[in-house]
Amino acid sequence: MKQHRILALFLSVLLLTALLAGCGASSKNMAADTAPSAAQNWKTESAAAAEEWGYDTPAEAPAETETAWDDAADTGFTTSAAGNAELDTGDNSSLSDYAAKIIYSANISAETTKFDEAVARIEAMVTDYQGFVESSNVYGNTRYNDDGTTTVVDRHASYALRIPADKFEQFMSETSSIGNVLSSNRYAENVTSTYTDYEARLSSLRTQEERLLAMLEKTEDVESLVALEERLADVRYETESIERNLRNMDMQIRYSTVSIDLDEVEIYTPTVTAQRTFGEKFADAFSDGWRSFGRSFQRFILNLTEALPSLILLAVIIIVVVVIVRRCVKKSRAKKAAKQAEAPQDEQK
């Protein structure tokens, strides 16, 4: 009995193995039969579309897929041992070009006690570094003098400069000569991905334009002509927009933007180290307090001097009014005394 059971189990295993092998072979045959049929359907549809638009029937695709990987060598790709396509970078120059699409910019805030010299220094630096002033604005507060003239004080200058990118760092290192730099911020924006996307989209649009022009030459139907011309106008508009964006990006990449805010002051804002002793803090506080008192006293004297003519005129008016009032009071008292003296004489009569 045991031998019969073992024999039956062995036969069952053989039967199951044969069934699985048959299923695998049938699935391979089905896949092999399906691939040519799908390729044939694709060829038929492509030929029909080409005939409809007036193009020649495209050539058949190669039967063997290995030739597609052989053509990869012409497009900069190589095939690895595992059969995957890999990008053939060649030398490192392409990688350096890929990482070169960077827009540099900076913001500088400074103050100066010699405003005119600082402004002249900024413009001279722009000329020396072969840049240009994109925008500038200089303004201040107007002070009216007693002689009828005006003076501009507390001036402020705002500059937007464009400096060649290869001289950006050198220019930034010399900005300390403008005056007392309070803050300096730098930024770097990598726009390589956006730039390459624009280029790819532009290439696709130009290909579409060529195909649309070819279709226009062969199409005689009015509705088709109108539709093709509308699509061609959209493609050309989008092409011009992308070209304009690429020109702007090229300009920003070639010329870095440096924004400078310059204030005119009488005394520089003290810049000290972050860690200070108590004695240093006390000395700075005393010095700041003394300077604040000096500035307040100066403002008081100046304001008093400015208001002195008005105060003198007001004092003269007050004195005149007081003199007039006293005279009036004296006259009134004299009249009362005269009336009192005349009253007893009338009673005696």
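Would you point out the residue of segment 107-145, among those that are without any contact (Cβ under 8 Å) to a residue 40 or more places away in the chain and part of a loop (DSSP other than H, G, I, E, B), that is farthest from Ile253 (Cα to Cα)? Among those that are without any contact (Cβ under 8 Å) to a residue 40 or more places away in the chain and part of a loop (DSSP other than H, G, I, E, B), it is Asn145.
Consider segment 170-221 and keep the residues that are more than 20 Å from Leu262 (Cβ to Cβ) and among the small types (Gly, Ala, Ser). The one that is farthest from the chain's Cα centre (by Cα) is Ala214. Only a single item in (1) open to solvent by less than 70 Å² (accessible area, probe 1.4 Å); (2) among the basic types (Lys, Arg); (3) closer than 30 Å to Ala100 by Cα is not met by Arg155, and it is number (3). The single residue among Ser184, Ser176, Ser204 that is of a type in the set (Gly, Ala, Ser) and in contact with a helix residue (DSSP H, G or I) (Cβ under 8 Å, 6 or more places away or on another chain) turns out to be Ser184. If the condition is being assigned to a helix (DSSP H, G or I) and open to solvent by less than 50 Å² (accessible area, probe 1.4 Å), then segment 175-207 contributes Thr175, Thr192, Tyr195, Leu202, Ser204, Leu205. Checking each residue in segment 235-272 for being touching a Pro at 6+ places or on another chain (Cβ under 9 Å) and among the basic types (Lys, Arg) picks out only Arg254. Any residue at all in segment 269-286 that's open to solvent by less than 70 Å² (accessible area, probe 1.4 Å) and either touching an Asp or Glu at 6+ places or on another chain (Cβ under 9 Å) or outside any helix (DSSP H, G or I) (or both)? Checking segment 269-286: at least one residue is open to solvent by less than 70 Å² (accessible area, probe 1.4 Å) and either touching an Asp or Glu at 6+ places or on another chain (Cβ under 9 Å) or outside any helix (DSSP H, G or I) (or both). Residues in segment 221-258 that are more than 30 Å from Ala160 (Cβ to Cβ), open to solvent by 60 Å² or more (accessible area, probe 1.4 Å) and without any contact (Cβ under 8 Å) to a residue 12 or more places away in the chain: Asp221, Val222, Glu223, Val226, Glu230, Asp234, Tyr237.
The values are calculated or read from the model by the stated rules, or taken from the named source; none is laboratory data. What you are looking at is a predicted structure, and each value in this text was computed from that prediction instead of being measured. Note that we place each Cβ from the backbone using ideal geometry, even for glycine, and neighbour counts take in every protein chain shown. Remember, those area values only see protein heavy atoms, side chains included, never the ligands or the DNA or RNA. Shrake-Rupley method; radii C 1.70, N 1.55, O 1.52, S 1.80 Å.
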